[in-house]
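Below: one structure, written as structure tokens.
Bear in mind that the values in this text are calculations on the coordinates, not laboratory data. Computed from a predicted model, the values in this text were never measured in an experiment. Using ideal geometry, Cβ is built from the backbone for each residue, glycine included, and neighbour counts are taken over all protein chains shown.
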């Protein structure tokens, strides 16, 4: 009897969520090739290098750095290889698809719209076109953001703003609503602690707290919105404060502020928009982007009768996410992943529109603006068909492991050979220093860098030559490596290298030096 009941419940669950389960199955199948990629992508190499260092007891930011907030590195620290990092990432993305579907149901009360939104989101974040196959911070951020969105969707505020549901007269549920606001803030904070641009997703949902003021505003609503905003903000602030206390206990607080929390503001200002046209340069400067975002948000707030509550909110979320993705003015495909949740949700609304309206125009405007920006900034998307046909050839034995690996990156042959050499000829816990940009070799060889920096451009950026030399001399690793494409001058390093090491191998991309005994 018990088994029959369980089977009946399982069957009922499958029938209720049949299309979602099909989407999840397709997403898993599309992600299987990512589990078999070589160690080829620089950012993943950096995450895994820092994760490996953390597992070895190295203090994040104090003794090894990158310029993102800490959660992405802690997730990498849970992964003992790239396979497990990508495995965690795959299920994180599956959870994000489910969360987007559930949020769509709460937003639209329409299963077909929710399925379409989940389909659009799944394709845009899973296919390699925008680096959906890479375990970058943006997709981890999206999971936290969608978790926060689902929590906030349980509040009376959300139901009132989106569906004009009347607030219950009294407060049997006030504490529960405050809890949802606080918990939602915590999830958005975890997104920010994964990558700072999640702050702009949080801002979009923060504005949601005030949308009700634009419908018959009064003093009572103002104070209610301010109270809700304070609770939501407290949820955002608390995890950040906890992280500050943690790094203070690690004697790494100054470095955490410099490289984790504040570096992104420097990073966003260090590259000018890539336009010779002065007007475009002004439009896509930080003040220009902020002004345009402000105008769009202001219009959506004021013109409440022109757009449906859902389209109005999704347009605000879209423009905030787009601003976050363009913060640094760099045309990296994975940056725009942040835009896909609101855009997928908005585009899904078109399927139930019977005729053209201003709501439809606002929705159609989003992909038009998005594609225009892709073309203006020359975002280079990755080939999708090649990615999968190449894997099929590998899986069916038409490509060897070596042939398959080197099609991802010209370093692969040399990196795998050198990693094997290092594992066979150097002590297990010994450090390594690479002068150049090859962060993938550290986790592949299971080595921790001698100093805080994983790549030469960070050493140059922070003018950390003296610090780097001290760390190299302190650890005096058995092997030092120089990349042939490294053009930066570092005379102190080369003087040390040539006086204490001898070249034992020259490969097509790097030179290997071994310490003179």
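As a size descriptor, the averaged projected area of the C-alpha convex hull of the range 410-515 was calculated at 5.9 nm². Projecting the alpha carbon convex hull of the range 86-136 along each direction and taking the average yields 3.3 nm². Any chance you could give the angle, 0 to 90 degrees and rounded to 10, that helix 465-475 forms with the longest Cα principal axis of the chain? Taking Cα atoms only, the helix is inclined about 60 degrees.
The peptide list 174-183, 429-438, 232-241, put in order of mean Cβ contacts within 10 Å with the highest first, becomes 429-438, 232-241, 174-183. Highest average first, the peptides 471-481, 36-46, 456-466 ordered by how many other beta carbon atoms sit within 10 Å of their residues are 36-46, 471-481, 456-466.
Zone of residue 485 (label point 7 Å along Cα→Cβ, backbone N under 13 Å): which residues in the range 409-441? Under 13 Å, as judged by backbone N against the label point of residue 485, lie 409-415, 436-440 of the range 409-441. Here the range 286-421 has an Rg and Dmax of 21.2, 68 Å, counting Cα atoms alone. Of the DSSP beta bridges with both residues in the chain, give the percent that are antiparallel, rounding to the nearest 5. Approximately 65 percent, going by the DSSP bridge assignments. Modelled spin labels at residue 59 and residue 253, positioned 7 Å past Cα toward Cβ, are 1.2 nm from each other. Inter-label distance, residue 357 to residue 389: 4.4 nm, where each label sits 7 Å from its Cα along the C-beta direction. Here the extension length gained between residue 475 and residue 365 equals 34.0 nm, from 0.36 nm per residue of separation less the Cα-Cα distance.
Return the percentage of antiparallel bridges among DSSP beta bridges fully within the range 410-515, rounded to the nearest 5 %. Taking every DSSP beta bridge within the range 410-515, about 70 percent pair in antiparallel fashion. Principal-axis analysis of the Cα atoms of the chain puts helix 2-16 at an angle of about 80° to the longest axis. Subtracting the Cα-Cα distance of residue 25 and residue 8 from 0.36 nm times their residue separation leaves 4.0 nm of extension gain. Against the chain, whose longest principal axis is taken from its Cα atoms, helix 412-425 shows a tilt of about 60°. Working from Cα pairs under 8 Å separated by at least six residues, relative contact order for the chain is 17 percent.
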